[in-house]
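Read the structure below first, then the notes.
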Amino acid sequence: MSRGGTFASIDIGTTKVCTVVGEVTSEDEMRILGVGIAPSEGLSRGMVENIRDATESIKASVEKAERSSGTRILSAHVGVAGAHIACLNNRGIVAIPDRTRPIMPDDVTRVLDGARLVSIPTNREIIHVIPRYYVVDGQDNVSDPVGMYGSRLDVETHIVTGIDSAIQNLTKCVETVGVQVDGLILEPLAGAEAVLDEEEKEQGVVIADIGGGTTSIALFIEGSVFHTAVLPVGGNHVTRDIVVGLRAPYQAAEEAKKKWGHAIPSMVDAREEITLDAFGSEGAKTELRRRLCEIVQARVEEILEMVVAEVKRAVHDDIVSAGIVLTGGTAKLS
């Protein structure tokens, strides 16, 4: 957070780059000062594939946010996603040498450092080490051990890693614009802070951020994150299916998806017709809206089935009492 309590964050997605500038008021409330949204170029499935194009997209978004907020963005937190993201859970353990004194913040730092010592491939780096709960002398589910007495402190952590080259490419694009990266945040974790409440996290909930190129998942159990993943499918795949199924240009398919798309075809009039642009000099053509919706339904069902399969790979789905919360642009589908 920079001087004056203002801060910025940049969400670099496959279809758009969004920059938000906010401030913390004297009452500790957050107020949004400005937003800048620009179409993404040079990104595929959350990863940079063209440095120059991606940098221009980020620059356009940052400049719009600066104009709307009237502030200069010098640093920002950056959202990270992409199919290169992986996670694991690991435990750290330290001894408390002096049993006559309570556990101090330094002891918590030491045990978290111990949890970071995991075997990961040399081309990956750790993005987050998130404490799920602490254990003090065998006492489970301690949320904050500072001030407690004990001879042994354990921590159960959730560790998120990413391929270092993908992270470096993303960081370089942001820094080329003249914005320092304060830190990287996995996008479904940021989304969870915005839309989930503590009761949902406690009882078990999944947040699925269905973006353009990827679907990011975070699973919360007993108040803390248990599993994260990024699937390489999203709203762009729905559009490409419409291109193939209705033989329409990509832009026409994207507009038809937003205007007439529906995930449940039976809720659409079977005789309703829509007009789409066609390839080449054919001009426009007419299609049944229900046919469009059937194409949308097939891909949306596949995405949600992949989400459920990923959750079942981590835990038994009976644990997820609060169900699933959908965010992201594709979640706007009727």
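The values are calculated or read from the model by the stated rules, or taken from the named source; none is laboratory data. This one's a predicted model, so the numbers in the text were calculated from it and none came from an experiment. Cβ: placed from backbone, ideal geometry, glycine included. Neighbour counts: every protein chain shown. Side chains are part of the model used for accessible areas, which takes the heavy atoms of the whole protein and leaves out ligands, DNA and RNA. Shrake-Rupley method; radii C 1.70, N 1.55, O 1.52, S 1.80 Å.
Report D for the range 14-88 in µm² per second (integer): Stokes-Einstein, Kirkwood Rh on Cα pairs, 37 °C, 0.692 mPa s.
242
For the pair the range 7-35 and the range 164-186, the centres of their Cα atoms are 17 angstrom apart. In the assembled protein chains, Leu33 presents an accessible area of approximately 40 Å² (probe radius 1.4 Å). Excluding ligands, DNA and RNA, the accessible surface per residue across the range 229-331 is 55 Å² with a 1.4 Å probe. Using the Karplus relation 6.51 cos²θ - 1.76 cosθ + 1.60 with θ = phi - 60°, the per-residue 3J(HN,Hα) values for the range 41-46 come to 10, x, 10, 9, 6, x Hz, with x marking Gly and Pro.
Of Glu27, Glu198, Glu255, the residue with the greatest mean-square motion in the GNM of the chain, using alpha carbon springs below 10 Å, is Glu27.
Accessible area per residue was computed with a 1.4 Å probe on protein heavy atoms; Val17 scores about 0 Å². Taking label points 7 Å from Cα along the Cα-to-Cβ direction, Asp144 and Ala284 give a separation of 6.2 nm. Once neighbouring chains are kept in place and the probe is 1.4 Å, which whole percent of the accessible area of the range 206-271 is contributed by carbon and sulfur? Carbon and sulfur together cover 54 percent of it. One chain, two ends: Asp164 and Asp98. Fully extended at 0.36 nm per residue, the span grows by 19.8 nm beyond their Cα-Cα distance.
Mark the label point 7 Å from the Cα of Asp28 along Cα→Cβ and return the residues of the range 123-144 whose backbone N is within less than 18 Å of it. Backbone N within reach: 144. When Rg and the Kirkwood radius Rh are both evaluated on Cα atoms of the range 135-276, their ratio Rg/Rh stands at 1.14. Is the range 214-268 rounded, prolate or oblate when judged by the Cα gyration tensor, a ≥ b ≥ c being the square roots of its eigenvalues, rounded requiring a/c under 1.5 and prolate requiring a/b larger than b/c? Prolate, since a/c reaches 1.5 and a/b exceeds b/c. For the range 277-301 versus the range 238-271, the spacing of their alpha-carbon centroids is 5 Å. In the chain, the alpha-carbon atoms span a convex hull of 169 Å³ per residue. Note on the chain: with a GNM built from Cα contacts shorter than 10 Å, the maximum mean-square fluctuation among Thr214, Thr275, Thr19 falls on Thr275. What the range 1-138 shows is 54 Å² of accessible area per residue, with the surface traced by a 1.4 Å probe over protein heavy atoms. Taking the 1.4 Å solvent-accessible surface of the range 47-204 as the whole, the part contributed by carbon and sulfur is 48%. When the charge dipole of the range 54-151 is built from unit charges on Cβ atoms (+1 for Lys and Arg, -1 for Asp and Glu) and taken about the Cα centre, the candidate among Pro105, Ser69, Ala54 whose Cα reaches farthest toward its positive end is Ala54. With distances taken between every two different alpha-carbon atoms, the range 38-149 has a Kirkwood hydrodynamic radius of 18.1 Å.
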